[in-house]
Amino acid sequence: MSTLLIEQILNGLQYGAMLFLLASGLTLIFGIMGVINLTHGSFYMVGAFCAAYAATATGSFAAAVLAALAGAGLYGLVMELVVIRRLYARDHLDQVLATFGMILFTNELVSVVFGRTPPFMDIPSFLTGTVALLPGLAYPVVRLAFILVGAVVAIGLWLLITRTRIGMLIRAGADDRAMVDALGVDIRRLFSLVFALGAVLCGLAGVMTAPLLAVEIGMGERILITTFVVIVVGGVGSVRGAAVGALIVGMIDSLGRAYIPITLYELLPPEIASTLAAGLVSASIYVAMAAILLVRPRGLLPARG
């Protein structure tokens, strides 16, 4: 197995871990609450901005993590109480319009609070450097840490959903919210908890990507479409499906970016290959999604059935 292939597999795992942090919260919100929340990517942006400014002010990565989780979680909770709660009984078009409006509001709010100058967050000292995994393959420590965080979160969510009382209520609320409410469970409080949990996971993704990517206004919208692809591939409402979908999308994107240009440059003239490669790389995950939906219309691991 070549060094390039191993490196791209690791890159796919790292990208998949980030997508899972975003998709797991989004699929829980839609699967349990029935709300199409286009503002989900904004929580990722809020987490990244809070982390970058906390790291700049304190010099502490721990403070950056706490600021990202608290900022994204609190903003998500406020949004659920003020806006989302009024959309549960509305149709999906109303939900899309309202949450799209909240994207614009959030972008302006972040500009007012943090300014329009993009903050810069350094990689913390204990995550700098590389690890020699194989002869000729030195992989960044920060990317390995991202993969580890994604795995830990996936295990933690699985335990939460399948082994705790809160998880039992979440699964029951997804199946029959009226019955859960009739049994004396405060379903609105449960929905608020799920929504805040999804926002916290977005904040965690934000603080992990802030040292690697540019922190800027609108960064959440660019990742939101890919996140929707993940939950469609994996199955709406399924955390297991979100994990599988994130790995598939992450691998396709990473391997495609490495091998599609190489293959086309061997087969076509350079001026044609460069243009065609860019388009095929961008379209690869959508082609894969269409192929999967032809065989499994509800995704690979849907929440029900």
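At-a-glance table
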quantity	calculated
Residues located in the range 32-82, provided they are of a type in the set (V, I, T) and either open to solvent by less than 30 Å² (accessible area, probe 1.4 Å) or assigned to a helix (DSSP H, G or I) (or both)	I32, V35, T39, V46, T56, T58, V65, V78, V82
Output for the range 83-104, where each listed residue is without any contact (Cβ under 8 Å) to a residue 12 or more places away in the chain and not in a helix (DSSP H, G or I)	A89, R90, D91
In the range 105-155, residue surrounded by the fewest Cβ atoms within 10 Å (Cβ to Cβ) [restricted to those that are among the polar types (S, T, N, Q) and not in a helix (DSSP H, G or I)]	T117
Evaluation of Q14 against (1) in a helix (DSSP H, G or I); (2) of a type outside the set (S, T, Y); (3) out of contact with any Lys or Arg (no Cβ under 7 Å at 6 or more places or on another chain) (one fails), failing number	(3)
Selection status of A214, crowded, with 23+ Cβ neighbours inside 10 Å and more than 29 Å from G34 (Cβ to Cβ)	no
Verdict on V194 being in a helix (DSSP H, G or I) and surrounded by 17 or more Cβ atoms within 10 Å (Cβ to Cβ)	yes
Top-ranked residue of the range 275-305 - restricted to ones that are open to solvent by 50 Å² or more (accessible area, probe 1.4 Å) and among the polar types (S, T, N, Q), ranked as modelled with the highest pLDDT	S282
Checklist (1) surrounded by 11 or more Cβ atoms within 10 Å (Cβ to Cβ); (2) outside any helix (DSSP H, G or I); (3) at pLDDT 80 or above applied to V185, failing item	(3)
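The values are calculated or read from the model by the stated rules, or taken from the named source; none is laboratory data. If you're wondering where the values come from, they're calculated on a predicted model, not measured in any experiment. Neighbour counts are summed over all protein chains in view; Cβ atoms, including those assigned to glycine, are modelled from backbone coordinates with ideal geometry. To get the accessible areas, we keep the full protein, side chains included, count just its heavy atoms, and leave off ligands, DNA and RNA. Shrake-Rupley method; radii C 1.70, N 1.55, O 1.52, S 1.80 Å.
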